[in-house]
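Here's the structure, in structure tokens; my notes come after.
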């Protein structure tokens, strides 16, 4: 069986990370507002990134990892900017060095 971790861009410009075993069905459910939660009031949503896994646990771990990332890291992942993503992962400032806020732990 195949499992997916995915990243959606919401209508308000924020991101939502999730995981599923049926990506097409899950995207349709997000678009229809089936889930009470983050994406329901932020439709329409657009799939901007997805990764395939062989176990649900691996997909879930990746989702949790991405949810802890800053917006800059999520944008680098979406763009496939592996060098930038690696720099951000090793502590390079992703905000121009002006923010003292901790990295995002939510969906933004």
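Derivation of every value follows stated rules applied to the coordinates shown; laboratory data play no part. What you see is a predicted model, and the numbers here were worked out from it, not measured in a lab. No Cβ is skipped: glycine too gets one built from the backbone with ideal geometry, and neighbour counts run over all protein chains shown.
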- Query: How high is the FRET efficiency between residue 35 and residue 65 when r is their beta carbon distance and R₀ equals 22 Å, given to the nearest 0.05?
  - Reply: 0.55
- Reciprocal mean inverse distance between Cα atoms of segment 34-74 - Kirkwood radius, Å: 12.2
- Task: For segment 3-69, would you read off the P(r) tail past 21 Å as a percentage of all alpha carbon pairs?
- Result: 17
- Over its alpha-carbon atoms, segment 1-40 yields an Rg and a Dmax in Å of 10.1, 33
